[in-house]
Amino acid sequence: MKQVSILVICCLFVITMQAQLNVPAVFSDAEKQTELMLKNAAERRKEKPDLVSPRTLENGELKMVASRDWTSGFFPGVLWFLYEYTGKPEWKEKAQAYTSFIEKEKLNAGTHDMGFKIYCSFGTGYRLTNEPRYRDVILESARTLASRFNPTVGCIRSWDHSKDKWDFPVIIDNMMNLELLFAATQLTGDSAYYRIAVSHANTTMKNHFRPDYSSYHVVAYDSLTGKVEKRQTHQGYSHESAWSRGQAWALYGYTLCYRFTRDKKYLQQAEHVAQYILHHPRLPKDKVAYYDFDAPGIPDEPRDASAAACMASALYELSQYSTKAAVYTAAANTIVESLTKSYRSPIGDNKGFILLHSVGSKPGNSEVDVPLSYADYYYLEALLRSKHMHDKMFVLPKPSLKLPAVIASNMVLQQQTQAPLWGSAAANAMITVVTSWDKKKYIAKADPFGNWRVAVSTPRAGGPYSISISDTKPITLNNVMIGEVWLCSGQSNMEMPVKGFRNQPVLGAEETILESNNPDIRLFRVERATALEPVNDVNAKWETSSPKSAREFSAVGYGFAQILQKQLNIPVGIIQATWGGTPIQGWMSEENLKEFPETKYPAHRTVINKNHPKVLYNGMIHPLTGYAIKGVLWYQGETNRSEYALYEKMMPAMVKNWRNSWGGKDWAFYYVQLAPYKYPSAAGDAPFMREAQEKAGLAIPQSGMAISMDAGDSITIHPANKTVVSRRLAYLALGKTYGVEGISYENPSFKAMKLANDTAKISFNNALLGLTSYGQEIKGFELAGEDQVFHPAHAWLTNEGVSVISNHVQNPVAVRYAFKDYIITNLYNTDGIPVAPFRTDNWP
């Protein structure tokens with residue numbers, strides 16, 4: 001009965017306000033002003049196209065800002081609100097255009113203002129249109145914002161400037177950006193964003209508020225300990241004053257936190273802040289606050305319409321959750337009535353702004369008593385919330401059936417297996433999958449987060465086929481092939497595309513590209529991405545092999561796919577997930593890295609980069625886990641060469657963890673030993689790294705190592721001869737995985753040493769018909785005596801293997817072969833497989 005009474009009272013208040021305000025007339029005026037704004041903005045953009053959004057008036061002239069400005073998302077939001085109210089397609093068209101201007105901000109990790117910029121524009125647009133591209137921008141922006149989270153502090157970093165004043169500043173404004181993170185969890189089911197948002201809200205609630213529930217503007221933390229260092233202001237009157245817009249951000253922020261979490265402590269916090277605002281003795285009767293509640297010149301201090309508009313919008317929402325609904329609705333009505341009657345611009349004036357009399361920063365003498373774009377945004381939002389009684393404004397579009405990028409038309413599914421397919425849909429939705437090769441129907445039910453998964457039986461290689469996936473409205477995947485699927489990963493030598501790098505070509509690239517039209521080779525190249533938490537999708541698409549797609553793809557990976565497809569005569573899909581200059585720790589999961597407590601995480605985790613542990617696994621590998629593959633190709637290690645002993649343990653651990661992530665599948669793992677190169681630093685570590693790579697392989701079931709000691713380059717770490725690497729990886733796959741008879745794939749390796757006076761006699765494994773240097777003098781052997789000093793040695797072939805002698809060593813005790821950072825070797829078995837580097841000693 002009490003709830004019914006509250007609802008009746010709220011409705012009466014809204015009906016009363018509608019009658020007094022004539023909301024249709026207000027929106028009609030807003031349309032006229034915005035038309036004028038669009039005209040003025042277009043003129044300014046002719047002069048400076050990089051200025052994309054109106055912000056304020058400066059000396060009577062329209063001030064436009066670039067997309068990086070924190071206010072850039074508000075004007076697109078105004079356009080979306082006009083479309084929402086009127087339904088006119090021209091407003092939608094303009095909203096789409098101005099929204100697109102700021103899309104690049106989704107990757108701007110140098111700011112905390114992602115919610116203001118992205119959610120006010122793309123978020124509002126997505127709510128109204130269900131445009132999938134907007135959803136993608138929201139998620140990318142959430143990942144970017146999450147990169148500024150410091151778990152030690154428990155907050156998202158605000159500004160990067162003024163580092164002489166604050167180590168890790170957090171401003172109350174940042175509460176407004178949490179909506180973006182909460183929405184990302186709603187859209188993906190990934191709780192990482194939710195956890196960051198909750199942590200930030202809790203830490204802010206603990207440290208930002210005074211006993212009377214007024215908020216400080218800035219709280220500065222020690223980023224290493226998480227301790228509070230300072231509580232200050234940057235835009236209010238003083239450090240201990242209550243800056244009005246800051247109180248508005250707090251009210252709005254904790255109200256939206258309750259919307260997403262239903263945690264009563266956030267509702268109570270919002271009610272406390274509302275109590276402080278509405279019962280403050282210096283709140284004017286019209287409830288449009290002065291710029292600071294404690295400004296000394298009240299009543300002659302400037303009012304802040306932007307703070308008032310934000311307060312009104314927040315109060316309308318808070319009224320939906322609180323037993324004090326009537327109080328909050330009445331207060332919001334008063335604010336909106338006051339803004340409408342006394343703070344609006346005359347039609348045709350002020351370059352098209354709707355509200356006047358806002359304050360940016362009075363202490364900085366910046367934007368005082370001027371129109372501001374965010375005042376207009378929250379004013380229209382408040383009007384819409386009053387009209388709609390809020391319901392649909394807080395609901396994201398019902399999730400529609402969505403597939404990850406790796407499950408799409410043109411893909412290759414691994415033959416003769418149970419191939420997983422997965423995606424997202426509405427919570428508890430029933431998903432039907434039909435495969436054209438056998439007409440079989442599969443049914444899956446989405447979980448409460450909308451995630452679903454099903455495994456389909458794949459036949460022998462063939463195609464093209466189609467797959468229909470439906471929750472009611474089907475998605476059809478066309479041109480699907482069944483064949484062999486491989487993943488290639490690692491750093492720059494695997495990343496190096498067929499077209500090469502700048503001033504660094506790939507040998508035979510022109511011929512490779514010329515012959516690349518092949519519908520039975522499909523390419524999936526994952527764009528570089530980092531993430532603090534595992535994400536569910538990548539930016540990539542399946543493409544049929546062509547000159548355009550092949551030239552951008554990994555030269556090693558593409559060459560491998562070409563050989564495999566030709567030899568097996570079946571479709572081949574190759575997935576590339578690579579990033580140059582990255583350590584193995586970046587490709588390992590957080591769970592995996594717990595085995596290695598020596599792993600160093602950055603002290604400042606507000607901005608992540610490619611070298612941080614786990615971030616490449618989270619952003620580029622985790623979204624692929626489960627996709628049925630035959631094996632992995634790995635070319636990495638240069639960045640880790642100074643920690644070769646650790647690498648020997650890490651690589652087997654990584655492979656084991658990846659295989660577990662793929663459901664315990666023991667797919668093949670073939671990797672490339674470091675090629676020769678004259679390293680400018682830590683050169684002595686390179687041979688020990690190669691040794692560690694070989695030892696690591698012995699600990700990995702179903703693995704093999706490709707040697708490239710004859711294909712290095714002294715002046716570039718990216719040798720041009722990628723074909724020989726592709727071929728040796730293909731030998732391993734064809735001989736070991738596919739059992740093709742007659743193919744030699746195992747490297748000749750050290751077996752034993754016998755000493756006879758001044759001569760060392762070496763025998764080898766995997767050299768059934770002996771060895772050869774193709775008529776050249778054998779390179780790369782060294783001998784040492786008891787003094788442990790190695791000298792160049794002369795080597796020659798024998799029936800047993802190789803004999804080695806040096807004029808500088810009368811009594812040899814140890815032999816090394818190709819144990820340097822750079823040496824081009826020429827010793828092979830008779831099948832042309834090079835001898836692996838080795839040493840018989842264990843000296844440091």
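The values are calculated or read from the model by the stated rules, or taken from the named source; none is laboratory data. Because the structure is a prediction, the values reported are computed rather than measured. Reconstructed Cβ throughout: ideal geometry from the backbone, glycine too, with neighbour counts over all protein chains shown. Just so you know, the surface numbers come from the protein's heavy atoms only, side chains and all, with ligands and any DNA or RNA stripped out. Shrake-Rupley method; radii C 1.70, N 1.55, O 1.52, S 1.80 Å.
Against the condition open to solvent by 10 Å² or more (accessible area, probe 1.4 Å) and either at positive phi or under 17 Å from the mean Cα position of the chain (by Cα) (or both), how does Leu187 come out, does it pass? Steps first, answer last, please.
Details: open to solvent by 10 Å² or more (accessible area, probe 1.4 Å): yes; either at positive phi or under 17 Å from the mean Cα position of the chain (by Cα) (or both): yes.
Judged against the criteria, Leu187 is a match.
Which helices (runs of 4 or more DSSP H) does the stretch 537-651 wholly contain that include 2 or more residues that are open to solvent by less than 20 Å² (accessible area, probe 1.4 Å), touching a residue at least 60 places away in the same chain (Cβ under 8 Å) and touching a helix residue (DSSP H, G or I) at 6+ places or on another chain (Cβ under 9 Å)? Before you say what the answer is, go through the steps one by one.
Values: elements: 547-550, 555-568, 590-593.
The helices (runs of 4 or more DSSP H) meeting that bar are 555-568.
Look through the stretch 435-450, keep the residues that are open to solvent by less than 50 Å² (accessible area, probe 1.4 Å) and not small (Gly, Ala, Ser), and return whichever of them is nearest to Leu568 (Cα to Cα).
So the first thing to find is which residues in the stretch 435-450 are open to solvent by less than 50 Å² (accessible area, probe 1.4 Å), and the list is 435-437, 442, 444, 446, 450.
Adding the requirement that they be not small (Gly, Ala, Ser) leaves 435, 437, 442.
Details: Thr435: 24, Trp437: 21, Tyr442: 30 Å.
Residue satisfying both the conditions and the ranking: Trp437.
With the checklist (1) of a type outside the set (A, V, I, L, M, F, W, C); (2) assigned to a loop (DSSP other than H, G, I, E, B); (3) modelled with pLDDT of 95 or more in hand, flag the one item Pro397 doesn't pass.
Checking Pro397 against (1) of a type outside the set (A, V, I, L, M, F, W, C); (2) assigned to a loop (DSSP other than H, G, I, E, B); (3) modelled with pLDDT of 95 or more, the one that fails is (3).
Could you tell me whether Pro296 is free of Cβ contacts under 8 Å to residues at least 24 places away in the same chain and assigned to a loop (DSSP other than H, G, I, E, B)?
Details: free of Cβ contacts under 8 Å to residues at least 24 places away in the same chain: no; assigned to a loop (DSSP other than H, G, I, E, B): yes.
Here the answer is no, as Pro296 does not meet what is asked.
Restricting the search to the stretch 738-754, which residues are surrounded by 14 or more Cβ atoms within 10 Å (Cβ to Cβ) and without any contact (Cβ under 8 Å) to a residue 60 or more places away in the chain?
Restricting attention to the stretch 738-754, the residues satisfying the condition of being surrounded by 14 or more Cβ atoms within 10 Å (Cβ to Cβ) are 738, 740, 743-751, 753.
Correct list: Ile743, Lys751.
Among (1) closer than 23 Å to Asp69 by Cβ; (2) surrounded by fewer than 24 Cβ atoms within 10 Å (Cβ to Cβ); (3) among the polar types (S, T, N, Q), which single condition is Ser141 missing?
(2)
Which residue out of Ile715, Ile762 is open to solvent by 30 Å² or more (accessible area, probe 1.4 Å) and either among the hydrophobic types (A, V, I, L, M, F, W, C) or not in a strand (DSSP E or B) (or both)? Steps first, answer last, please.
On the way: Ile762 fails: open to solvent by 30 Å² or more (accessible area, probe 1.4 Å).
Going through Ile715, Ile762 in turn, just one is open to solvent by 30 Å² or more (accessible area, probe 1.4 Å) and either among the hydrophobic types (A, V, I, L, M, F, W, C) or not in a strand (DSSP E or B) (or both): Ile715.
On the given criteria, is Arg460 outside any loop (DSSP other than H, G, I, E, B), loosely packed, with under 14 Cβ neighbours inside 10 Å and charged (D, E, K, R)?
On the way: outside any loop (DSSP other than H, G, I, E, B): no; loosely packed, with under 14 Cβ neighbours inside 10 Å: yes; charged (D, E, K, R): yes.
Spelling it out, it is not the case that Arg460 is outside any loop (DSSP other than H, G, I, E, B), loosely packed, with under 14 Cβ neighbours inside 10 Å and charged (D, E, K, R).
I'd like to know if the stretch 477-486 contains one or more residues that are among the charged types (D, E, K, R), outside any strand (DSSP E or B), under 28 Å from Ala668 (Cβ atoms) and modelled with pLDDT of 95 or more.
Let us first name the residues in the stretch 477-486 that are among the charged types (D, E, K, R), namely 484.
Keeping just the survivors that are outside any strand (DSSP E or B) gives none.
So far as the stretch 477-486 goes, no, none of its residues is among the charged types (D, E, K, R), outside any strand (DSSP E or B), under 28 Å from Ala668 (Cβ atoms) and modelled with pLDDT of 95 or more.
Return the residues of the stretch 340-364 that are crowded, with 21+ Cβ neighbours inside 10 Å and more than 24 Å from Asn40 (Cα to Cα); say none if nothing qualifies.
Once the filter is applied, which keeps residues that are crowded, with 21+ Cβ neighbours inside 10 Å and more than 24 Å from Asn40 (Cα to Cα), the stretch 340-364 yields only Lys362.
Report yes if some residue within the stretch 658-672 is under 23 Å from His718 (Cβ atoms), open to solvent by less than 10 Å² (accessible area, probe 1.4 Å) and assigned to a helix (DSSP H, G or I); otherwise report no.
no
Any residue at all in the stretch 100-109 that's in contact (Cβ under 8 Å) with a residue 24 or more places away in the chain, farther than 21 Å from Glu367 by Cα and of a type in the set (Asp, Glu)? Talk me through it step by step, then tell me what you get.
At the first step, the residues of the stretch 100-109 found to be in contact (Cβ under 8 Å) with a residue 24 or more places away in the chain are 101-109.
If we keep only those that are farther than 21 Å from Glu367 by Cα too, we end up with 101-109.
Filter once more, keeping what is of a type in the set (Asp, Glu): 103, 105.
For the stretch 100-109, residues in contact (Cβ under 8 Å) with a residue 24 or more places away in the chain, farther than 21 Å from Glu367 by Cα and of a type in the set (Asp, Glu): present.
Those residues that are among the polar types (S, T, N, Q), assigned to a strand (DSSP E or B) and over 20 Å from Asn826 (Cβ atoms), I need them from the stretch 727-759; list them, please.
Thr759
Among residues belonging to the stretch 501-511 that are over 32 Å from the mean Cα position of the chain (by Cα) and free of Cβ contacts under 8 Å to residues at least 60 places away in the same chain, point out the one that is surrounded by the fewest Cβ atoms within 10 Å (Cβ to Cβ). Spell out how you get there, then give the answer.
Narrowing the stretch 501-511 to residues over 32 Å from the mean Cα position of the chain (by Cα): 507-508, 510-511.
Narrowing further to those that are free of Cβ contacts under 8 Å to residues at least 60 places away in the same chain: 510-511.
Numbers: Glu510: 13, Glu511: 10.
Ranking the candidates gives Glu511 first.
Filter the stretch 218-231 for residues that are touching a His at 6+ places or on another chain (Cβ under 9 Å) and touching a residue at least 40 places away in the same chain (Cβ under 8 Å) and give the result. Steps first, answer last, please.
In the first step, residues of the stretch 218-231 are kept if they are touching a His at 6+ places or on another chain (Cβ under 9 Å); the result is 218-219, 223-224, 230-231.
Of everything in the stretch 218-231, those that are touching a His at 6+ places or on another chain (Cβ under 9 Å) and touching a residue at least 40 places away in the same chain (Cβ under 8 Å) turn out to be Val218, Val219, Ser223, Leu224, Lys230.
Do we find a residue being closer than 13 Å to Asp173 by Cβ, among the β-branched types (Val, Ile, Thr) and part of a helix (DSSP H, G or I) anywhere in the stretch 203-211?
Narrowing the stretch 203-211 to residues closer than 13 Å to Asp173 by Cβ: 204, 208.
Adding the requirement that they be among the β-branched types (Val, Ile, Thr) leaves 204.
Filter once more, so that each one left must be part of a helix (DSSP H, G or I): 204.
Yes: one or more hits.
Which of the residues that make up the stretch 402-432 are crowded, with 20+ Cβ neighbours inside 10 Å, within 21 Å of Pro464 (Cβ to Cβ) and out of contact with any Pro (no Cβ under 8 Å at 6 or more places or on another chain)?
Result: Ile407, Met411, Leu413, Gln414, Ala419, Leu421.
Taking the criterion of being at pLDDT 90 or above, open to solvent by 20 Å² or more (accessible area, probe 1.4 Å), under 30 Å from Asp160 (Cβ atoms) and charged (D, E, K, R), would at least one residue in the stretch 22-42 satisfy it?
No, because not a single residue in the stretch 22-42 is at pLDDT 90 or above, open to solvent by 20 Å² or more (accessible area, probe 1.4 Å), under 30 Å from Asp160 (Cβ atoms) and charged (D, E, K, R).
Would you point out the residue of the stretch 516-536, among those that are of a type in the set (A, V, I, L, M) and in a loop (DSSP other than H, G, I, E, B), that is modelled with the highest pLDDT? Explain how you work it out, then say what you get.
Start the filter on the stretch 516-536 by keeping residues that are of a type in the set (A, V, I, L, M), which leaves 521, 523, 526, 529, 531-532, 535.
Okay, now just the ones that are also in a loop (DSSP other than H, G, I, E, B), so 526, 529, 531-532, 535.
Numbers: Val526: 97, Ala529: 89, Ala531: 81, Leu532: 77, Val535: 84.
So, considering only residues that are of a type in the set (A, V, I, L, M) and in a loop (DSSP other than H, G, I, E, B), the one modelled with the highest pLDDT is Val526.
Just wondering, is there one or more residues in the stretch 280-289 that are at pLDDT 95 or above and open to solvent by less than 10 Å² (accessible area, probe 1.4 Å)?
Of the residues in the stretch 280-289, the ones at pLDDT 95 or above are 280-289.
Checking the rest, the ones that are also open to solvent by less than 10 Å² (accessible area, probe 1.4 Å) come to 288-289.
Yes, because at least one residue in the stretch 280-289 is at pLDDT 95 or above and open to solvent by less than 10 Å² (accessible area, probe 1.4 Å).
Ser244: of a type in the set (Ser, Thr, Tyr) and modelled with pLDDT of 95 or more, yes or no?
Working: of a type in the set (Ser, Thr, Tyr): yes; modelled with pLDDT of 95 or more: yes.
In short, yes.
Yes/no matrix, rows are residues, columns are (1) crowded, with 23+ Cβ neighbours inside 10 Å; (2) touching a Leu at 6+ places or on another chain (Cβ under 6 Å); (3) of a type outside the set (Gly, Ala, Ser):
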residue	(1), (2), (3)
Tyr194	no, no, yes
Ala197	yes, yes, no
Tyr216	yes, no, yes
Ser223	no, no, no
Val228	no, no, yes
Trp243	yes, no, yes
Tyr252	yes, no, yes
Thr255	yes, yes, yes
Thr261	no, no, yes
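With the condition kept exactly as written, say whether any residue in the stretch 304-314 is of a type outside the set (A, V, I, L, M), outside any helix (DSSP H, G or I), under 20 Å from Ala242 (Cβ atoms) and under 41 Å from the mean Cα position of the chain (by Cα).
From the stretch 304-314, those of a type outside the set (A, V, I, L, M) are 304, 306, 310, 313; that's our starting set.
From what's left, outside any helix (DSSP H, G or I): 304.
Next, from what is left, pick out any that are under 20 Å from Ala242 (Cβ atoms): 304.
Still in the running and under 41 Å from the mean Cα position of the chain (by Cα): 304.
Yes, the stretch 304-314 contains at least one residue that is of a type outside the set (A, V, I, L, M), outside any helix (DSSP H, G or I), under 20 Å from Ala242 (Cβ atoms) and under 41 Å from the mean Cα position of the chain (by Cα).
Answer yes if at least one residue in the stretch 134-157 is more than 18 Å from Thr185 (Cβ to Cβ) and either without any contact (Cβ under 8 Å) to a residue 60 or more places away in the chain or out of contact with any Ser or Thr (no Cβ under 8 Å at 6 or more places or on another chain) (or both), and no otherwise.
no
Name the one entry in Gly780, Gly735, Gly770 that is surrounded by fewer than 20 Cβ atoms within 10 Å (Cβ to Cβ) and on the phi > 0 side of the Ramachandran plot.
The conditions single out Gly770.
Mind checking which residues of the stretch 510-533 are farther than 29 Å from Gly462 by Cα and either of a type in the set (Lys, Arg) or in contact with a helix residue (DSSP H, G or I) (Cβ under 8 Å, 6 or more places away or on another chain) (or both)? Walk me through how you get there before you give the answer.
Here is the first cut: in the stretch 510-533, the ones farther than 29 Å from Gly462 by Cα are 510, 528-533.
Arg528, Ala529, Thr530, Ala531, Leu532, Glu533 - these are the residues of the stretch 510-533 that are farther than 29 Å from Gly462 by Cα and either of a type in the set (Lys, Arg) or in contact with a helix residue (DSSP H, G or I) (Cβ under 8 Å, 6 or more places away or on another chain) (or both).
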